[in-house]
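Asks: Attaching a single structure in structure tokens format; questions to follow.
Here, each number is a calculation from the coordinates, and none is a lab measurement. Note that the structure is predicted; figures quoted are calculated from it, not measured. Here the Cβ positions follow ideal geometry from the backbone for every residue, glycine too, while neighbour counts run over all protein chains shown.
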Amino acid sequence: MVPVLTAAEIRDADRRTIEEIGLPGAVLMENAGAAVARVVSEAFPRARLVSVLCGKGNNGGDGFVAARWLGPGRAQVYLMGSRGEVKGDARLHMGVLERSGGRIVEVADVRSWEAHRERALAADVLVDALLGTGLRQAPGGLVGRVVEDLSRPGEGPPVVAVDVPSGVQSDSGELPWPAVWAAVTVTFAAPKYGHVLPPACGRVGELRVTDIGIPGEVVAGTGPALFLLEDKDAAHAYPPRDPASHKGSYGHVLVVGGAVGKTGAAVLAGTAALAAGAGLVTVATASPALSMVAAARPELMTEPLPATGAGSVDRSGLDHALALARARDAVVLGPGLGQDPSTREFARELVRRCPVPLIVDADGLNALAPAGRAPAATEALLRGAPTVVTPHPGEMARLAETSTAEVQRRRLEIARSFATRTGAVVVLKGQRTIVAHPAGRAAVNPTGNPGMATGGTGDVLSGILGALLARGLDAWTASAAGTYLHGLAGDAAAADRGEESMVAGDLVASLPRAIIKVSPGRR
């Protein structure tokens, strides 16, 4: 997992590097600006003219260094303010730039910007070195006007942002005011919250994290609570198989779901569990639905449960379901389960009493949420065995008794809060799915695409997580690995089928490619 830092944490890392390691701030700035220049040249090798737009702070200092490395014949520098307002290391590097032949155009105010704007934006590439990680309010005045001019997608030359696109808050994914649309963002030492959380992550473009001399142990020492998932997190779930292993070595998953008319959800979850490496999968389903489940996939075993008049699982099947659970390594509850009152009671009691690791999804989650005058039953999640819940934003809103809009606005905070309150690992689905641990740490998943916004993809995820829990992974590790693989399979399916035509079964078919990708040399 890659640490994701707040503005305070990166400031602390800078300070420790300067004071304890002994690397001067001017050297860190030199390394940062050189990295920006290198990325500009790599990403836009044919760019002959680069406009570097500099603020008066350290971000602008990085811009001065980048301009020097690009060369005075290639870079034209616009300072939003006067030379006298530039202080510290940024002032040092401004002087170095000018003594190296660079020319700086001072832009005093909005009227001055309007006079220079056409020439500045006529470059092949823009470098946004206006504002850094310390932004707390809407940029105003001259800088606000420049940011607004660079906040219209598809207009003007591509932008390479220094550290964060100006207008993006380092500590939040929110976008309450205009922000620069970057084609590439070059950040230093570690990603920041605004790089990885939506909707702000949509302004970042390609994110390049560069080493400027801040040691990894210093970054870790800041105590980050947010991480970005990577290939390694999924690869850890798939060590080489023992040649003497057998189907019992890889866990037995029980999927409880599949009411009449919703059997596909249970089949998708069960099939995904098999594709994710479970040795055995049994689907326990309402008796009228059993023949449909059994016919859908011959590798799935089935068990009948008593049914309500509507064809979903009845409360009277609880003891049998618990007996089945005790003989398995993990349970997936909810895909296509149904929402009859008797079914909801069945689900709540199964959550409370299930003795093995449990994934609660879909109608399993709906059974825990308040309905009508019935209170929420989320206390059922306070279990002794590991628990993972996988809500989409609407389900999360019902569980947390808030609105879907509020969940989307405060995804990280709400996922963390619910995990802490219930003791369950929360996988809050959506763009940049959040995986939250009860202890407060969380991870952001960078894989996946809009083509996955189709029925059944959540069932595939629950099946993958069930397989990894059954194989013996702890709830946090399984959730991180499974979420990453799920999105990676979606990306592979989109590459083959396109986002518009993708269906959930395509993710199951693409899972082998995803597993091979994260585990080179495996077949």
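Asks: Treating the Cα atoms of the chain as identical point scatterers in vacuum, please give the log10 of the normalised Debye intensity I(q)/I(0) at q = 0.10, 0.13 Å⁻¹, two decimals.
Replies: -0.81, -1.12
Asks: Arrange SER342, SER245, SER479 by Cβ neighbour counts within 10 Å, fewest through most, would you?
Replies: The most exposed by this proxy come first: SER245, SER342, SER479.
Asks: While we're looking at this one, here's another question. Taking the Cα centre as origin and putting +1 on Lys and Arg beta-carbons and -1 on Asp and Glu beta-carbons, what dipole magnitude results for the chain, to the nearest 20 debye?
Replies: For the chain, the charge dipole is close to 180 debye.
Asks: Along Cα→Cβ, 7 Å out, is where each label goes; now give me the distance between the ones at SER403 and ARG99 in nm to one decimal.
Replies: Distance between the two pseudo-spin positions: 5.8 nm.
Asks: May I ask what percent, to the nearest 5, of DSSP beta bridges between residues of the chain are antiparallel? Please report the intermediate quantities before stating the final value.
Replies: Numbers: 11 of 62 bridges.
Once the DSSP bridges in the chain are tallied, antiparallel ones form about 20 percent.
Asks: What does the charge count near THR387 come to, summing +1 for each Lys or Arg and -1 for each Asp or Glu among other residues with Cβ under 14 Å from its Cβ?
Replies: +2
Asks: Can you report the principal axis dimensions of the range 351-458 using only the alpha carbons, biggest first, rounded to whole angstrom?
Replies: Extents along the principal axes: 36, 30, 26 Å.
Asks: Could you grab the relative contact order for the chain? Cα pairs under 8 Å, six or more apart, rounded to a whole percent.
Replies: 12
Asks: What ranking of PHE44, PHE227, PHE64 emerges when the number of other C-beta atoms within 10 Å of each C-beta is taken as an exposure proxy, fewest first?
Replies: Final ranking by Cβ density, sparse to dense: PHE44, PHE227, PHE64.
Asks: Can you give the Rg and Dmax of the range 232-518 based on its C-alpha atoms, in angstrom?
Replies: 17.2, 56
Asks: Rg and Dmax of the range 102-174, using alpha carbons, in Å: what are they?
Replies: 12.5, 37
Asks: Shifting gears a bit: Would you please report the Å³ per residue occupied by the convex hull of the alpha carbon atoms in the range 2-224? The partial results should precede the final answer.
Replies: Working: hull volume 23.3 nm³, N = 223.
Considering the Cα atoms of the range 2-224, their hull volume per residue is 105 Å³.
Asks: Then there is this: Please state the charge dipole magnitude for the range 232-518, taken about the Cα centre, from unit charges on C-beta atoms (+1 on K and R, -1 on D and E), reported in debye and rounded to the nearest 20.
Replies: The calculated dipole for the range 232-518 is roughly 540 debye.
Asks: What FRET efficiency comes out for ARG241 versus ARG326 if R0 is 41 angstrom and r is the Cβ-Cβ distance? Round to the nearest 0.05.
Replies: Working: r = 27 Å, r/R0 = 0.65.
The calculated FRET efficiency here is 0.95.
Asks: Any of LYS56/LYS429; LYS56/LYS192; LYS262/LYS429; LYS247/LYS429 with alpha carbons more than 29 Å apart? Name them for me. The partial results should precede the final answer.
Replies: Values: LYS56/LYS429 40 Å; LYS56/LYS192 22 Å; LYS262/LYS429 21 Å; LYS247/LYS429 31 Å.
Table pairs above 29 Å Cα-Cα are LYS56/LYS429; LYS247/LYS429.
Asks: Distance from the Cα centre of the range 309-369 to that of the range 397-434, in angstrom?
Replies: 22
Asks: Find how many whole Å separate the alpha carbon centroid of the range 268-290 from the alpha carbon centroid of the range 99-135.
Replies: So the separation of the two Cα centres works out to 60 Å.
Asks: Figure the gain on full extension for GLU174 and GLN137 (residue separation times 0.36 nm, minus the Cα-Cα span) and round it to one decimal in nm.
Replies: Gain in length upon complete extension: 12.1 nm.
Asks: Given the range 232-518, what percent of its DSSP beta bridges are antiparallel, to the nearest 5?
Replies: Counting DSSP beta bridges with both partners in the range 232-518, the antiparallel share is about 25 percent.
Asks: Once you have the Cα-Cα distance between HIS116 and ILE516, take 0.36 nm times their residue separation minus that, and quote the gain in nm to one decimal.
Replies: 138.8 nm
Asks: Next question. Would you be so kind as to identify which of THR483, ALA400, PRO240 lies farthest towards the positive end of the dipole of the chain, taking Lys and Arg as +1 and Asp and Glu as -1 on Cβ and the Cα centre as origin?
Replies: Most positive-ward Cα: PRO240.
Asks: What number, in nm² with one decimal, is the all-direction average of the projected area of the convex hull of the alpha-carbon atoms of the range 39-116?
Replies: Values: hull surface 20.3 nm².
The directionally averaged projection comes out at 5.1 nm².
Asks: Based on the Cα atoms of the range 199-356, what semi-axes does the equivalent ellipsoid have, where each is the square root of 5 times one gyration tensor eigenvalue, given in whole Å with the largest first?
Replies: 39, 21, 16
Asks: If a helix is a whole DSSP H run, which ones in the chain reach 15 Å or further along their own axis (Cα) and hold a mean Kyte-Doolittle hydropathy of at least -1.0?
Replies: Working: long enough: 25-43 (27 Å, 0.88); 58-70 (18 Å, -0.21); 88-99 (17 Å, -0.38); 263-275 (18 Å, 1.57); 341-353 (18 Å, -1.19); 411-422 (17 Å, -0.38); 457-470 (20 Å, 1.52); 475-497 (32 Å, 0.15); 504-518 (21 Å, 1.05).
Helices meeting the span and hydropathy rule in the chain are 25-43, 58-70, 88-99, 263-275, 411-422, 457-470, 475-497, 504-518.
Asks: What percent does the relative contact order of the range 232-518 come to when contacts are Cα pairs within less than 8 Å and at least six residues apart?
Replies: Here the relative contact order equals 20 percent.
Asks: Report the label-to-label distance for SER501 and ALA376 in nanometres (one decimal), using points 7 Å from each Cα along the Cα→Cβ vector.
Replies: Roughly 4.3 nm, to one decimal.
Asks: Run the simple label-point estimate for ASP319 and ARG352 please: 7 Å along Cα→C-beta, distance reported in nm.
Replies: 1.7
Asks: In percent, what relative contact order does the range 2-224 have, based on Cα pairs under 8 Å that are 6 or more apart in sequence?
Replies: Result for the range 2-224 is 23 percent.
Asks: Further question on the same structure: Explain nothing, just the number: dipole magnitude of the range 2-224 about its Cα centre with +1 on each Lys and Arg Cβ and -1 on each Asp and Glu Cβ, in debye rounded to the nearest 20.
Replies: 580
Asks: Now for a separate question. What order do you get for TYR193, TYR250, TYR484 when you list them from fewest to most C-beta neighbours inside 10 Å?
Replies: TYR250, TYR193, TYR484
Asks: Of SER462, VAL196, VAL209, which is farthest towards the positive pole of the chain's charge dipole, taken about the Cα centre with +1 and -1 on the beta-carbons of Lys, Arg and Asp, Glu respectively?
Replies: Positive-end residue among those listed: VAL209.
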